[in-house]
Amino acid sequence: MNKIFLIGNLTKDPELTETSNGTSLCRFVIAVNRPYAPNGEVDYFNITVWRAVAESCGKF
């Protein structure tokens with residue numbers, strides 16, 4: 001399993017949904033500032049989490 005740690009800001013509230021078979025999923029976007037970029041550039045990461053993690057993220 002790959003892991004990544006991002007520190008940034010949510011661009012909007014997470015969207016909690018379910019698949020047709022009832023599995024929870026949550027989607028959200030994190031904006032991460034590049035600390036050494038000359039023009040204050042930002043990277044956006046589309047995140048999808050599943051099951052218990054999705055339900056936890058959907059509460060915020």
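Being modelled with pLDDT of 95 or more and exposed (fewer than 10 other Cβ atoms within 10 Å of the Cβ): is that true of residue 3 here?
Spelling it out, it is not the case that residue 3 is modelled with pLDDT of 95 or more and exposed (fewer than 10 other Cβ atoms within 10 Å of the Cβ).
Which residues, taken from the stretch 1-56, are among the hydroxyl-bearing types (Ser, Thr, Tyr) and in contact with a Ser or Thr (Cβ under 9 Å, 6 or more places away or on another chain)?
Matches in the stretch 1-56: 17, 24, 44.
Could you please give the count of residues in the stretch 6-21 that are surrounded by 10 or more Cβ atoms within 10 Å (Cβ to Cβ) and more than 11 Å from the chain's Cα centre (by Cα)?
Adding up the residues that qualify gives 3.
Restricting attention to the stretch 22-60, report how many residues are among the small types (Gly, Ala, Ser), surrounded by 10 or more Cβ atoms within 10 Å (Cβ to Cβ) and within 15 Å of the chain's Cα centre (by Cα).
So the count comes out to 5.
List every residue pair whose Cβ atoms lie under 6 Å apart, where the two residues are 6 or more positions apart in sequence or sit on different chains, the first residue falls within the stretch 38-55 and is farther than 15 Å from residue 3 by Cβ, and the second residue, located anywhere, is of a type in the set (Ser, Thr, Tyr) and not in a strand (DSSP E or B).
Here the result reads none, with nothing in the stretch 38-55 linked to a residue that is of a type in the set (Ser, Thr, Tyr) and not in a strand (DSSP E or B).
The values are calculated or read from the model by the stated rules, or taken from the named source; none is laboratory data. On a predicted model such as this, the values are computed, not experimentally measured, just so you know. Positions of Cβ are backbone-derived with ideal geometry, glycine not excepted, and every protein chain shown enters the neighbour counts.
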